[in-house]
1. Using a 1.4 Å probe on the protein chains only, how many percent of the accessible area of the stretch 35-83 belongs to carbon and sulfur?
2. Could you order Met166, Met83 so the one with the most accessible surface comes first? Probe is 1.4 Å.
3. Count neighbours as other Cβ atoms within 10 Å of each site's Cβ, and list the chymotrypsin sites (Phe, Trp or Tyr not before Pro) in the stretch 40-82 that are DSSP loop with at most 15 such neighbours.
4. With the crude spin-label approximation of a point 7 Å out along Cα→Cβ, what separation in nm comes out for Arg153 versus Gln93?
5. Would you please name the trypsin sites (Lys or Arg not before Pro) within the stretch 108-190 that are DSSP coil residues with at most 15 other C-beta atoms within 10 Å of their C-beta?
6. In whole percent, what relative contact order does the stretch 42-118 give with Cα contacts below 8 Å and a gap of six or more residues?
7. Leaving out ligands and nucleic acids, note down the accessible area per residue over the stretch 77-120 with a 1.4 angstrom probe, in whole Å².
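The values are calculated or read from the model by the stated rules, or taken from the named source; none is laboratory data. As the structure is a prediction and not an experimental result, all values here were calculated from the model. A quick note on method: Cβ atoms are made from the backbone with ideal geometry, for glycine too, and the neighbour counts reach across all protein chains shown. Side chains included, ligands, DNA and RNA excluded: accessible areas come from the protein's heavy atoms. Shrake-Rupley method; radii C 1.70, N 1.55, O 1.52, S 1.80 Å.
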Amino acid sequence: MRTTTILSLLIVLLGCSNKQSEQTTNEVSLTAISAEFPLYLGEIDLSDKSKEIHLSDNVSSRIDMTIKNFADEIDSLSPYSYMDLYINTICLQNESNTVYLVLLESFPMVGWAIGVTLFYDNRKEEFIEGSFYLGLSELYHYHDNKFNPIDLRITSPEIELTDFDMDGINDYKFTELIYNRTYDAIETIILTTKNATIDTLYFDKKSLFR
């Protein structure tokens with residue numbers, strides 16, 4: 001009986017040890033590229049190690065979850081692992097928020113990219129619920145750690161700070177190019193996070209015929 005009890009305890013302990021090992025293995029440690037507002041993605045060199053910053057476990061975990069969610073959204077039967085879709089993360093800081101632009105490829109090696117924007121509240125030291133998808137595939141072709149401009153008619157930055165409602169608090173202006181098979185359109189979106197939520201203050205679409 002005593003031998004059986006000891007064997008049972010050893011099995012339990014080994015099981016716990018294996019679980020801890022799996023948790024350690026699954027921990028993700030990511031880096032980001034530090035940049036400044038306004039963001040012109042075509043000017044960013046993602047291979048520049050001097051701009052690389054290490055991210056906390058909390059931030060890395062949220063970005064990792066964002067990549068997984070994106071992979072699930074585009075194709076659950078994709079032959080690629082979810083990390084194959086990950087390009088890098090751009091980190092933009094201001095007094096109230098840190099903005100993380102998670103850069104992802106819809107199809108690896110094709111060059112179609114999208115940015116998932118996460119907002120981190122610097123005072124509360126936590127992420128604001130939700131995210132904002134920034135379309136990049138009509139603006140840039142991604143290749144060899146570089147975003148190469150496709151349409152030179154667009155001169156606005158992808159992300160910039162503004163004070164849309166003139167309340168002294170930074171808002172975020174996003175510019176993207178949308179193609180709907182007949183014409184291009186520039187979309188301008190202004191977001192605020194001042195109530196610890198991501199809210200739209202302004203939206204505009206202007207057609208650009210080819």
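1. On the way: 1490 of 3120 Å².
That fraction is 48 percent.
2. Result of the area sort, largest leading: Met166, Met83.
3. When the chymotrypsin sites (Phe, Trp or Tyr not before Pro) of the stretch 40-82 are filtered for loop state and at most 15 Cβ neighbours within 10 Å, Tyr40, Tyr80 remain.
4. Distance between the two pseudo-spin positions: 3.9 nm.
5. In loop regions of the stretch 108-190 (DSSP not H, G, I, E or B), the sparsely surrounded trypsin sites (Lys or Arg not before Pro) are Arg123, Lys124, Arg153, Arg181.
6. Numbers: 74 pairs, mean separation 15.3, N = 77.
The normalised contact order for the stretch 42-118 reaches 20 percent.
7. Computed with neighbouring chains in place, this is 39 Å² per residue.
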